[in-house]
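See below for the structure under consideration.
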Amino acid sequence: MKHIVEPMQLMDIKAAARLHCQAFPHSRSTKLGRPYVRKMFRWFVTHQPGLSLVARQDGEVVGYVVGAVGGYGRKLFRYAFFEVLLGLAIHPGLWFQSKTFLLWRSYLKGLFPQKTSNQVQLEDGLVVVRAALAGIGVDPERQGQGIGSLLVAAFEDSAKELGVHKLTLSVDKDNLNARRLYDRHGWLVDSENKEANTVHYMKEIA
């Protein structure tokens with residue numbers, strides 16, 4: 001079965017949100033509710049169209065990958081502030097989850113625009129453009145068909161076209177399937193957050 005990867009469109013948001021909730025039923029974003037997940041994808045499609053991609057099979061969305069040049073967490077929080085509050089009101093238990101608590105400082109800072117951009121940084125005297133792979137998901141019924149690999153490769157190619165030099169991502173330490181995918185594509189672990197139980201990956205693409 002042939003899969004194609006192409007830019008995510010606004011009309012794909014509902015399908016991508018549904019797929020995300022199916023693939024990650026226990027994630028914090030899913031627990032915040034479909035309105036938040038749809039708003040999340042809308043931010044990426046609107047503000048980072050070059051790094052928002054979907055995989056299709058016979059016209060159906062069967063996978064997605066989204067990312068951003070520079071930071072995205074605080075910007076996304078400001079953009080979806082109402083949906084975050086709605087999700088927390090419906091699921092107040094999220095207030096007290098350890099992973100959510102770890103993000104509160106960043107969330108509060110997210111209410112205010114950053115004075116400087118972290119899109120471009122100096123490393124060893126060289127200008128380095130960084131981008132983050134924020135999320136990737138595949139239809140659970142189509143696991144093992146190489147869709148995740150296609151999405152990662154397409155994401156890397158798109159980032160190169162945007163002039164990105166270095167890619168980063170964070171993944172749950174226990175998500176072995178995702179970690180094997182990144183390992184196969186040459187991503188390297190460069191740090192670990194034991195408190196959040198996450199691993200930080202990096203890959204230089206230029």
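The values are calculated or read from the model by the stated rules, or taken from the named source; none is laboratory data. A quick note: this is a predicted structure, and the numbers were derived from the prediction, not measured. Ideal geometry is used to build each Cβ from the backbone, glycine not excepted, and the neighbour counts take in all protein chains shown. To get the accessible areas, we keep the full protein, side chains included, count just its heavy atoms, and leave off ligands, DNA and RNA. Shrake-Rupley method; radii C 1.70, N 1.55, O 1.52, S 1.80 Å.
Ranked by the mean number of other Cβ atoms within 10 Å of their residues, highest first, the peptides 137-146, 190-199 fall in the order 137-146, 190-199. At the residue level, Tyr79 shows approximately 70 square angstrom of accessible surface with a 1.4 angstrom probe and all protein chains present. Gain on full extension, evaluated as 0.36 nm per residue between Val189 and Arg28 minus their Cα-Cα distance, stands at 55.6 nm.
With a 1.4 Å probe rolled over the protein heavy atoms of all chains, the accessible area of Ile90, Ile205 falls in the order Ile90, Ile205, largest first.
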